[in-house]
Amino acid sequence: MTDIAGPLGGSPGLSIAVQPPRLGLRRQHWHWHWHGSTPARVRGRALVAVVLAMAMATLTASLFGRLHGEFGAMGQSDESESIATTSLYFYLTDMDASGADVLLVGSDAALTTAGQPDNRYYTDLYASDRSNASEYLDQAVVAEAGNAAAEQQLNAVAARLGQYEALIADAELLSQQAHDSAGKPSASVSADYNQATRLMQGDILPAVRNLTSSSESGLNASYGAGKTNAISGVIWVVVLGVLLVAVLAAVQVLLAIRFRRMVNPALAIATVLATAFTAVTGTRFYAEYTHAHVARFDSFTSIQALSMAKAVSNDANADESRFIVDPVHALQYQQAYLGKSQQIVNVGSNVTYAKYLPLLNADIAAYQRNNSDIRFGGFLGQEFRNITFPGERQAAVNSLLSFRAYETDDRILRATTKTNLAQAIGYDINVAPDDSDGAFNAYASALQSDININTAAFAQAVADGQSDAGGGFLAVEALAALLIISLVYVGVRSRLAEYRVSR
């Protein structure tokens, strides 16, 4: 209260109470907060939403672009590199088997008159295998370009393969000149062939086998990069998406409080779109991870195991011919056959030739009682533990049962060799269903059917991975991000415009 003195300066006169304008100051302060802070907060949150939407679109475009390239590498260069060395191994073993069969049939005219494959048939087969092996050796050299260790190994393989071919050519020429009868090559022919097959078995095939394992490095690298990018995509999309939805909700709440409007239609649509964008994109990234896993493990692991089973089986089949044509080393070749059988279907340690088939029968019987009871290992064991695709289980079972039939025929062949050499040779090389080569061909065909199922699945997984990471979806993502940004702009602009009019 303020006193105003009277005209004589004495006692106080009129007393007037003047209150400080505190209410007005409070109103001015509140009015400043309303005018200065709310628009800034709305614009700030809207800007964060725009940045998050742009970040999601940019990130997903980058990661999907990488995934597209990685799936392309898996389906082209990486697979070709792995298949080249596996195919090289296959044709080298088939080459050696054909060479053994050339010496096995000799120049015996009786084989031709009996309708069985003759010397010319196996000579042509050897030449075909040699041509295919040379082709895949060239492919392996191209695929391993820049890998110094692999190049050195392949050069060594090429040099030793030349030595092997020279020895086989000498053995065939000597056999023709001596007119060797079936199953009875001369000593000089046997010496050349034994030296050749030792070179193949001891030097060439082990080197290619090592390359077969190392050639998967490119595929593993592409798979590893694809897996990382796919998982990163899931994580980042979920994080950015949740933040985007949260910011959009925060803008919606702020506008509802300040403008007393429960729903902003444009922001509501943007929020729904951002949620869908996050869910769909995250799902696509997870699908990419699944495609990569299917390609690398579900299918390619089986392709490699089955392809190696086929190649090693060729080598085992050659050991049967070696067993007949070289009786001096017959037990050695029988043991080599057993070792390869164990690589294909391993039935336990310290197994003898006599025990192998009974143990194989026991393992098959256990599996037939309960498909989850897989006791055997080896290449076919790997396949049975990796059954994934429709029809694959039946194809694997057909391969296993065909393998058992071939093993059974092998016992007949070895027993016949002791009593009737000519009959044993006929049984070995005849392709009739009841003969050894007929059983082998049925087994090889069953393996190939299983390989085909997995090869088709691999190709489909790679194609799906590339398709899902393709430009079509990226265009949809870009459009979705642009639409979210536009809706945020429209929703915020309308409220700020309403605010300016109300001032």
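The values are calculated or read from the model by the stated rules, or taken from the named source; none is laboratory data. Treat the numbers as computed from the prediction; the structure is a model and nothing was measured. No Cβ is skipped: glycine too gets one built from the backbone with ideal geometry, and neighbour counts run over all protein chains shown.
Restricting to the range 375-399, name every residue that is over 23 Å from H293 (Cα atoms), part of a loop (DSSP other than H, G, I, E, B) and either touching a Phe, Trp or Tyr at 6+ places or on another chain (Cβ under 6 Å) or of a type in the set (A, V, I, L, M, F, W, C) (or both).
To start, the set of residues in the range 375-399 that are over 23 Å from H293 (Cα atoms) comprises 375-376, 397-399.
The next check asks that each one be part of a loop (DSSP other than H, G, I, E, B); those that pass are 375-376.
Correct list: F376 only.
Residue by residue through the range 248-268, note down the ones that are part of a helix (DSSP H, G or I), among the aliphatic types (A, V, I, L, M) and within 13 Å of V492 (Cα to Cα). Steps first, answer last, please.
Step one: list which residues in the range 248-268 are part of a helix (DSSP H, G or I), which gives 248-259, 265-268.
Keeping just the survivors that are among the aliphatic types (A, V, I, L, M) gives 248-251, 253-257, 266-268.
Of everything in the range 248-268, those that are part of a helix (DSSP H, G or I), among the aliphatic types (A, V, I, L, M) and within 13 Å of V492 (Cα to Cα) turn out to be L248, A249, A250, V251, V253, L254, L255, A256, A266, L267, A268.
Contact list please: Cβ distance under 6 Å, first residue in the range 448-459 and of a type in the set (F, W, Y), second residue part of a helix (DSSP H, G or I) and surrounded by 21 or more Cβ atoms within 10 Å (Cβ to Cβ), pairs at least six apart or on different chains.
F458/A295; F458/S299; F458/F300
So D428 ticks every box in (1) crowded, with 22+ Cβ neighbours inside 10 Å; (2) outside any helix (DSSP H, G or I); (3) not β-branched (V, I, T) but one. Which box is left unticked?
(2)
Of everything in the range 461-503, what is modelled with pLDDT under 75, assigned to a helix (DSSP H, G or I) and loosely packed, with under 14 Cβ neighbours inside 10 Å? Give them in sequence order.
Start the filter on the range 461-503 by keeping residues that are modelled with pLDDT under 75, which leaves 471-473, 494-503.
So of that shortlist, the ones also assigned to a helix (DSSP H, G or I) come out as 471-473, 494-502.
Of everything in the range 461-503, those that are modelled with pLDDT under 75, assigned to a helix (DSSP H, G or I) and loosely packed, with under 14 Cβ neighbours inside 10 Å turn out to be G471, G472, A497, E498, R500, V501, S502.
In the range 129-162, which residues are surrounded by 14 or more Cβ atoms within 10 Å (Cβ to Cβ) and polar (S, T, N, Q)?
Answer for the range 129-162, where residues must be surrounded by 14 or more Cβ atoms within 10 Å (Cβ to Cβ) and polar (S, T, N, Q): N132, S134, Q139, N147, Q153.
Here is a yes/no grid of residues against (1) more than 16 Å from S98 (Cβ to Cβ); (2) in contact with a strand residue (DSSP E or B) (Cβ under 6 Å, 6 or more places away or on another chain); (3) outside any helix (DSSP H, G or I); (4) touching a residue at least 24 places away in the same chain (Cβ under 8 Å):
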residue: S313; (1), (2), (3), (4): no, no, no, yes
residue: A318; (1), (2), (3), (4): no, no, no, yes
residue: R322; (1), (2), (3), (4): no, no, no, yes
residue: H329; (1), (2), (3), (4): yes, no, no, yes
residue: Q332; (1), (2), (3), (4): yes, no, no, no
residue: L338; (1), (2), (3), (4): yes, no, no, no
residue: S349; (1), (2), (3), (4): yes, no, yes, no
residue: A354; (1), (2), (3), (4): yes, no, no, no
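Six or more apart or on different chains, Cβ under 9 Å: which pairs go from a residue in the range 479-503 that's more than 17 Å from T38 (Cα to Cα) to one that's at pLDDT 85 or above and of a type in the set (F, W, Y)? Could you list them?
Pairs found: A480/F277; A481/F277; I484/F277.
Answer yes if at least one residue in the range 248-264 is touching a Gly at 6+ places or on another chain (Cβ under 6 Å) and modelled with pLDDT under 90, and no otherwise.
Taking the range 248-264 first, the residues touching a Gly at 6+ places or on another chain (Cβ under 6 Å) are 264.
Still in the running and modelled with pLDDT under 90: 264.
Taking every residue of the range 248-264 in turn, at least one turns out to be touching a Gly at 6+ places or on another chain (Cβ under 6 Å) and modelled with pLDDT under 90.
If L255 satisfies all but one of (1) touching a residue at least 40 places away in the same chain (Cβ under 8 Å); (2) under 36 Å from the mean Cα position of the chain (by Cα), what's the number of the condition it fails?
(2)
Among the charged types (D, E, K, R), farther than 30 Å from R120 by Cβ and part of a helix (DSSP H, G or I): is that true of D450 in this structure? Let's see the steps before the verdict.
Numbers: among the charged types (D, E, K, R): yes; farther than 30 Å from R120 by Cβ: yes; part of a helix (DSSP H, G or I): yes.
Considered against the rule, which asks whether it is among the charged types (D, E, K, R), farther than 30 Å from R120 by Cβ and part of a helix (DSSP H, G or I), D450 comes out as yes.
Would you confirm whether or not the range 356-370 contains a residue that is touching a strand residue (DSSP E or B) at 6+ places or on another chain (Cβ under 9 Å) and either free of Cβ contacts under 8 Å to residues at least 40 places away in the same chain or on the phi > 0 side of the Ramachandran plot (or both)? Don't jump to the end; show me each part of the working.
Initially, the range 356-370 is screened for residues touching a strand residue (DSSP E or B) at 6+ places or on another chain (Cβ under 9 Å), giving none.
No, there is no match, as no residue in the range 356-370 is touching a strand residue (DSSP E or B) at 6+ places or on another chain (Cβ under 9 Å) and either free of Cβ contacts under 8 Å to residues at least 40 places away in the same chain or on the phi > 0 side of the Ramachandran plot (or both).
Looking at T290, T281, T301, T271, which one is in contact (Cβ under 8 Å) with a residue 12 or more places away in the chain and either within 19 Å of D468 (Cα to Cα) or surrounded by fewer than 16 Cβ atoms within 10 Å (Cβ to Cβ) (or both)? Working first, answer last.
Values: T290 fails: in contact (Cβ under 8 Å) with a residue 12 or more places away in the chain; T301 fails: either within 19 Å of D468 (Cα to Cα) or surrounded by fewer than 16 Cβ atoms within 10 Å (Cβ to Cβ) (or both); T271 fails: either within 19 Å of D468 (Cα to Cα) or surrounded by fewer than 16 Cβ atoms within 10 Å (Cβ to Cβ) (or both).
Result of the check over T290, T281, T301, T271: T281.
If P433 meets every condition in (1) modelled with pLDDT under 90; (2) within 28 Å of E392 (Cβ to Cβ); (3) part of a helix (DSSP H, G or I); (4) not polar (S, T, N, Q) apart from one, which number is that one?
(3)
Which one of these is over 30 Å from L331 (Cα atoms) and either crowded, with 23+ Cβ neighbours inside 10 Å or out of contact with any Phe, Trp or Tyr (no Cβ under 7 Å at 6 or more places or on another chain) (or both): D450, D437, D410? First the steps, then the outcome.
Numbers: D437 fails: over 30 Å from L331 (Cα atoms); D410 fails: over 30 Å from L331 (Cα atoms).
Exactly one of D450, D437, D410 is over 30 Å from L331 (Cα atoms) and either crowded, with 23+ Cβ neighbours inside 10 Å or out of contact with any Phe, Trp or Tyr (no Cβ under 7 Å at 6 or more places or on another chain) (or both), namely D450.
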